[in-house]
């Protein structure tokens, strides 16, 4: 379908300019250019694998917030589109566009604009958890914003201290042969979707905080962060690595690869 576009942008600068022009046009159309009711922009991108690195560079995919704050916000300011301070931008690489999304005629993208009067509904976000070290039931898991609490631990079904059973969606094997799994608690952690923030958050459970086993998270190019309480979650970003206990390692990513 996208090959029908004869004059598609071919480099990073052209792609970025085309995306920004598209976003500007749609912002101006929303409520006649009055953007105070806009709560979020959801930019969907579909491109060939060989072009994906160009699109990622165009939207500064590896630098969270840069495309929103340095590019889109500047357009809003230049064209007097009064976006509220709390507005957010989410960039989603997906093979399909939501049917209600507005499609660009010049670039492989579509846009959904959420407003106070017309909030975005039934949006399901997915991501992947890859097992980099340790032995789990699967090497990769698909997680979804519609799934509720996503438990992580040793064993698929474990009995807790209160007598009830906990189901671990991401389950490390219990066999003694898997040495890297020994420091993974039966109730180690869980992931939840925050609809207000529009992000997945990692929380430690009772077995994953001191003085028991530990959880450390390291962002790409960042320093490790320890989760010290069950009450405060860590916002998961593309490429985050999560160490459970001593040597079991998970990776959070939006890419199926």
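Coordinate-derived values only; no laboratory data. No experiment lies behind these values; they were computed from the predicted model shown. So basically every Cβ, Gly included, is an ideal-geometry build from the backbone, and we count neighbours across all protein chains shown.
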### Gyration tensor (alpha-carbon) shape descriptor, the stretch 2-115, a/c threshold 1.5
prolate
### Message
Restricting to Cα atoms and excluding each atom paired with itself, what does the Kirkwood estimate give for the stretch 126-253 in Å?
### Response
14.4 Å
### Query
In vacuo Debye scattering of the chain, one point per C-alpha: log10 I(q)/I(0) at q = 0.12, 0.14 Å⁻¹?
-0.78, -0.97
#### Entry: Per-residue Cβ neighbour rank within 10 angstrom, fewest leading, 164, 169
164, 169
### Task
Could you work out how far the C-alpha centroid of the stretch 191-205 sits from that of the stretch 24-84, in angstrom?
23 Å
### Query
Okay, helix-only estimate at 222 nm for the chain: each DSSP H run of n ≥ 4 adds -39500 (n - 2.57), divide by all residues, round to 500 deg cm²/dmol; what do you get?
-4000 deg cm²/dmol
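So for 188, 234, 53, 178, fewest C-beta neighbours within 10 Å to most, what's the order?
Ascending Cβ contact count within 10 Å gives the list 53, 178, 234, 188.
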### Message
Using the basic label-point model (7 angstrom from Cα toward the beta carbon), what is the residue 228 to residue 162 distance in nanometres?
### Response
2.7 nm
### Query
How much FRET efficiency would the formula 1/(1 + (r/R0)^6) give for residue 105 and residue 175, where r is the Cβ-Cβ distance and R0 is 45 Å, rounded to 0.05?
0.20
